[in-house]
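What follows is a set of notes on a single structure, which appears directly below.
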There are 2 protein chains.
Amino acid sequence: MELQNLMARYAHLVVESGLHLKKGQPLLIHALLETAPFVRLVVREAYEAGASRVEVVWRDEETARMDYTYQPLDNWQQVPAWQAALRNDMAKAGGAILTIDAADPEALTGVDPRKPAAWAKAMHRDCKPYYDGMDKGENIWCIIAAPSEKWAARIFPDLPAEEAVATLWQVIGKLMRLDAEDPSAAWEAHRRSFEERKAFLNGAQLDALHFTSASTGTDLTVGLPQGYIWAGGGAELQDGTPFFPNMPTEEIFCSPHWERADGVVHSSLPLCHNGEMVEDFSFTFRDGKVVDYTARVGKEVLARLLETDEGAVRLGECALIPKESPIAGTGLLFYNTLFDENAACHLALGAGFSECLEGGLEMDDDQLKAHGVNCSAVHMDFMFGTPDLSVTGIRKDGTQVPIFRDGSWVI
Amino acid sequence: MELQNLMARYAHLVVESGLHLKKGQPLLIHALLETAPFVRLVVREAYEAGASRVEVVWRDEETARMDYTYQPLDNWQQVPAWQAALRNDMAKAGGAILTIDAADPEALTGVDPRKPAAWAKAMHRDCKPYYDGMDKGENIWCIIAAPSEKWAARIFPDLPAEEAVATLWQVIGKLMRLDAEDPSAAWEAHRRSFEERKAFLNGAQLDALHFTSASTGTDLTVGLPQGYIWAGGGAELQDGTPFFPNMPTEEIFCSPHWERADGVVHSSLPLCHNGEMVEDFSFTFRDGKVVDYTARVGKEVLARLLETDEGAVRLGECALIPKESPIAGTGLLFYNTLFDENAACHLALGAGFSECLEGGLEMDDDQLKAHGVNCSAVHMDFMFGTPDLSVTGIRKDGTQVPIFRDGSWVI
């Protein structure tokens, strides 16, 4: 597809289906400088859809890296008032929040990782209304991606810069179903395809999930909280407005019980955390807690991540993606969670989802934890799905419910 | 000069001489997206000089234009809390403020001019600590320019885009004295060259200035307030820290008495206001107030400008620039006040300068007005200098002091 046409269709899809933007609603966009040509199309689509105002928070990775390099750790432990006001006021005004990810996977390589970690913690504390608005179904949020030169170069290291970017645009266009006659209608069909399996899992009264993969050695049992909810595909605000938190999305996910995980899980794809790579790693859990971990590359990255807070050593998410996922079908490693997490089954250390628990949207952190949903300043996905993965549901009475066999759905 | 070298010398000069940045001081930068490669050099120089943090407020002219187009007038009548906090907190923290101008002169053509006017008014009201910090000698501020494609295309309409930008870089490099062995030393020498004339004018006990130009028909007498101060070249904070508010700068200026201007003044260069052109215009003053005006092009632009507030129809600045100015020497019309105001003598309608009155830095608006210095939300420079301009100082006793003859200094 011709690039200008692809970008225009993409911008329209994001505003219409991703954000479901309503007349009179404000919109906050986070974007890298280099995605400006696409951002402008999104801003125009938003205004044409009736946005009351659009604020673009531009980010430059090079100056961001300088900020982290030159500013002392102390500076990262609180959020300047204006940055908190920008986000919190937007949430209170009912704004929608769009993040256009194009990050260079290595943007922060070499930066003292305590700084971005401190910043993430400070943001979650000082911008609580903003995060709560998204977590509790009051504000629409949507994360999408657009190519940048550095990101494209990482995925296609053998292509010239311009060709790498053009190729990534075409890949994204395909994964975003922009070649469908009506991409928004294609996404609605996609949304419905998730509903049957979510309904089955939500009605199955499972007490735990058992994962096994002979090829990697994974053998892990994860408990589910009472009143668990499987989510995925599309989401809904509390008032019923549909939106897509992630585009693309191929996963059905829940929040496992933070006190109930036992066994070992081995990674099946590398992990890129704040620009640092972790490869061939495993976690051993006992009573929900990581008690041991290994990594061929980047063990120290895991060490720091696990130290963030007490929630960082426990699970917050379990997501099921069949090996037929179109993202797996590209055969690419994207070095970007938005894509890679949709290529294979994954777990996440750190924060769970209030939307994945009955009544969770009305609960505060203490209540969520009391009901089994983990809380943390971090949320780090890692892929463990393999073509030979089995997933079996276990009811309280011990009966088993086959869910995945050989990496594919059997429900 | 090779571009990368030119930009590096420029960034160093701006941080060292323009901003006189001190260790531990924060810096706020306003810049257009397309100047990012230069901005990054400035940010690095600032951190190397010890900046405690650098905030870059990126602006995109295309989305800014959409904001003005789609958002109703009401939205422009108050500044969002975060925008005010960003500026006011930076001022209170003693931050320096750098504006890197690269504006497309036509960026806002066709936009309802009441919107930018309302915004300017709201900014001055809601960001008062920020503007006061700069006006009252507490915060260093510096305005410089960097090429953008659209701006360069306006100056060099016959050159291909890339060549126009490259040419403008070289012109700016020359006007910024970057070809000097030590540009900062060259700027210190430039600063000293202003001091003698400022001392003469400040000691001359003038009561008024009389401007005549046979070629345009200008014949205007402008009163000076008691305790007037001529400023120009470099400036100083109240604590004595030197800086350059404008780079380049070739002007010596004062604030005339807002109640005392009589006669007619004719423009000698076009004016570009918020992207709209005004050409071949004149103002007739009586008792300090514009009582008539003409314009061959853009009279309605002047009409709206004069309606902003009661200070907009009175003078706030009178600046003297000899015809030998290197900016005049380029023979270019820059469509940008920072340059064009340094090409010829000019006046400004709107706000005067508290620094141009003895004790003015400690005065509030009412006190400034009581002493003769104009107050307004606007400050609009227009050029009236010609090669045959005479400027004569008049003392209270009627004696005359020749200042300019045939467009050149005679003091």
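Some notes on this structure:
- Using only the C-alpha atoms, the convex hull of chain A corresponds to 133 Å³ per residue.
- Cut-off under 5 Å, modelled amide H: who pairs with B:VAL297 long-range: B:GLU279
- Of A:LYS92/A:LYS121; B:LYS198/B:LYS369; B:LYS23/B:LYS150; A:LYS115/B:LYS150; A:LYS136/A:LYS198; B:LYS22/B:LYS92, those spanning more than 27 Å from alpha-carbon to alpha-carbon: B:LYS23/B:LYS150; A:LYS115/B:LYS150
- Label point 7 Å beyond Cα of B:SER215 along Cβ direction - residues of segment B:336-372 with amide nitrogen under 12 Å: B:344-345
- Calculated SAXS-style log₁₀ I(q)/I(0) at q = 0.14 Å⁻¹ - segment B:200-409, Debye, Cα scatterers: -0.80
- Under 5 Å, built H, 5+ apart or other chain: amide partners of A:ALA261: A:GLY223, A:ASP287, A:GLY288, A:LYS289
- Over the protein assembly as shown, dividing the summed -39,500 (n - 2.57) contributions of all DSSP H runs of at least 4 residues by the number of residues returns a 222 nm mean residue ellipticity of -9500 deg cm²/dmol.
- Across the identical copies, how the B:ASP292 labels are spaced - nm, sorted shortest first, 7 Å along Cα→Cβ: 9.7
- Buried surface for the B/A pair, taken as the accessible area of each chain alone minus that of the pair with a 1.4 Å probe, is close to 2600 Å² in total.
- HN-Hα J in Hz across segment B:98-108 - Karplus 6.51, -1.76, 1.60, θ = phi - 60°, x for Gly and Pro: 10, 10, 9, 8, 8, 4, 5, x, 10, 4, 10
- For segment B:104-206, with +1 on Lys and Arg beta carbons and -1 on Asp and Glu, the positive-most of B:TRP141, B:ALA152, B:LEU175 along the dipole: B:TRP141
- Binning all Cα-Cα separations of segment B:145-223 at 5 Å, short to long from zero, yields these whole-percent fractions: 3, 12, 12, 10, 10, 12, 16, 16, 7, 2, 0.
- With its label point defined 7 Å out from Cα along the Cα-to-Cβ axis, B:GLU163 lies at 3.1 nm from the matching points of the other copies, in increasing order.
- Phi angles across segment B:141-155 convert, under the Karplus curve 6.51 cos²θ - 1.76 cosθ + 1.60 with θ = phi - 60°, into 3J(HN,Hα) values of 9, 8, 10, 10, 10, 9, x, 10, 4, 5, 5, 4, 5, 5, 6 Hz, Gly and Pro given as x.
- In order along segment A:324-332, phi translates into HN-Hα couplings of 7, 3, x, 6, 4, x, 5, x, 9 Hz, rounded to whole numbers, per the Karplus curve 6.51 cos²θ - 1.76 cosθ + 1.60 with θ = phi - 60° and x for Gly and Pro.
- D_trans [Stokes-Einstein, Kirkwood Rh over alpha-carbon pairs] for segment A:257-353, 20 °C, 1.002 mPa s, µm² s⁻¹: 154 µm²/s
- Straight-distance crosslink candidates among aspartates and glutamates, where the alpha carbon sits under 14 Å from A:LYS128 and sequence neighbours closer than 8 are dropped: A:ASP89, A:GLU138, A:ASP364, A:ASP365
- Orientation-averaged projection of segment A:103-234 equals 13.1 nm² [convex hull of Cα atoms, one quarter of hull surface area].
- Dividing the alpha-carbon radius of gyration of the protein assembly as shown by the rule-of-thumb value 2.2 N^0.38 Å gives 1.11.
- Listed residues A:ASP239, A:ASP126, A:ASP366, most fluctuating in chain A (Gaussian network, C-alpha, under 10 Å): A:ASP239
- Shortest-first nm distances, A:GLY398 label point to equivalent points in other copies (7 Å, Cα→Cβ): 12.1
- Here the spin labels are modelled as points 7 Å beyond Cα on the Cα-Cβ line, and at A:ASP158 and B:LEU73 they lie 6.3 nm apart.
- Average accessible surface for chain B: 40 Å² per residue, computed with a 1.4 Å probe over protein heavy atoms with every protein chain in place.
- Gain on full extension, evaluated as 0.36 nm per residue between B:GLU300 and B:MET363 minus their Cα-Cα distance, stands at 19.2 nm.
- Semi-axis lengths, largest first, of the ellipsoid equivalent to segment B:1-136 are 28, 20, 11 Å, with √(5λ) applied to each eigenvalue of the Cα gyration tensor.
- Solvent exposure ordering (accessible area, 1.4 Å, most first) of B:LYS22, A:LYS115: B:LYS22, A:LYS115
- Summing Cβ point charges (Lys, Arg +1; Asp, Glu -1) relative to the Cα centre of segment B:3-186 gives a dipole of roughly 640 debye.
- Partner shielding of B:75-88 amounts to 4, given as the average count of beta-carbon atoms from other chains within 10 Å of each residue beta-carbon.
- Under 5 Å, built H, 5+ apart or other chain: amide partners of A:THR218: A:SER213, A:HIS266
- Taken along its three principal axes, the alpha carbon spread of segment A:1-47 comes to 32, 22, 15 Å, from the longest extent down to the shortest.
- Cα lying deepest toward the dipole's positive end in the protein assembly as shown, options B:TRP82, A:ALA51, B:LEU19, charges on Cβ: B:TRP82
- Applying both filters, DSSP loop and at most 15 other Cβ atoms within 10 Å, to the GluC sites (Glu not before Pro) of segment A:317-408 gives A:GLU324, A:GLU358.
- Charges were assigned to the Cβ only: +1 to each Lys and Arg, -1 to each Asp and Glu. The resulting dipole of chain B about its Cα centre is roughly 380 debye.
- Here the spin labels are modelled as points 7 Å beyond Cα on the Cα-Cβ line, and at A:GLN238 and B:GLN4 they lie 5.5 nm apart.
- Normalised by the number of residues in segment B:3-186, the average gap of Cα pairs under 8 Å and 6 or more apart makes the relative contact order 26 percent.
- Label zone of A:THR99 (point 7 Å out along Cα→Cβ, amide N under 12 Å): in segment A:138-162 this covers A:141-145.
- For B:LYS396, the aspartates and glutamates whose Cα comes closer than 15 Å to its Cα, not counting residues fewer than 8 places off in the same chain, are B:ASP207.
- For segment B:268-411, the dipole from Cβ point charges (+1 on Lys and Arg, -1 on Asp and Glu) about the Cα centre works out to 480 debye, to the nearest 20.
The values are calculated or read from the model by the stated rules, or taken from the named source; none is laboratory data. Since we're looking at a predicted model, the values are computed, not measured. Neighbour counts run over all protein chains shown; Cβ positions are idealised from the backbone, glycine included. What goes into the accessible areas is simple: the full protein's heavy atoms, side chains included, and nothing from ligands, DNA or RNA. Shrake-Rupley method; radii C 1.70, N 1.55, O 1.52, S 1.80 Å.
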